[in-house]
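Report on one structure; see the data block that follows.
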Amino acid sequence: MISNKKQQLKDAIQIARKAEIEALIATEKAQKSVNKIVKLRKELDVQYRKLAKKIKKSKKNNDKKIEYFSKKKVKKAKKKKSLK
């Protein structure tokens, strides 16, 4: 009977060790995944900032072009009006 309890105790310890090892492996995999997500997030933030900057610059250039052509049209209209 005592040897049976010792065997059960050994088995329980062995199972606990296996579970601990599996838990450590799972924790390590989870940490790697988290690190990948953090890295991707940083890359996306950089891309977002670049795009936002590009869009802002493009909008500014477009606004300048619109303003320039609007002035040109106004000048043409004034010229036509003065010729009549």
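The values are calculated or read from the model by the stated rules, or taken from the named source; none is laboratory data. Since this is a predicted model, take the numbers as computed values, not measurements. These accessible areas exclude ligands, DNA and RNA; they are computed on the full protein's heavy atoms, side chains included. Shrake-Rupley method; radii C 1.70, N 1.55, O 1.52, S 1.80 Å.
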Residue list for the range 56-83, filter: open to solvent by 100 Å² or more (accessible area, probe 1.4 Å) and among the hydrophobic types (A, V, I, L, M, F, W, C) = I66, F69, L83
Failed condition for K53, given (1) open to solvent by less than 100 Å² (accessible area, probe 1.4 Å); (2) under 20 Å from the mean Cα position of the chain (by Cα), with all others met?
-> (1)
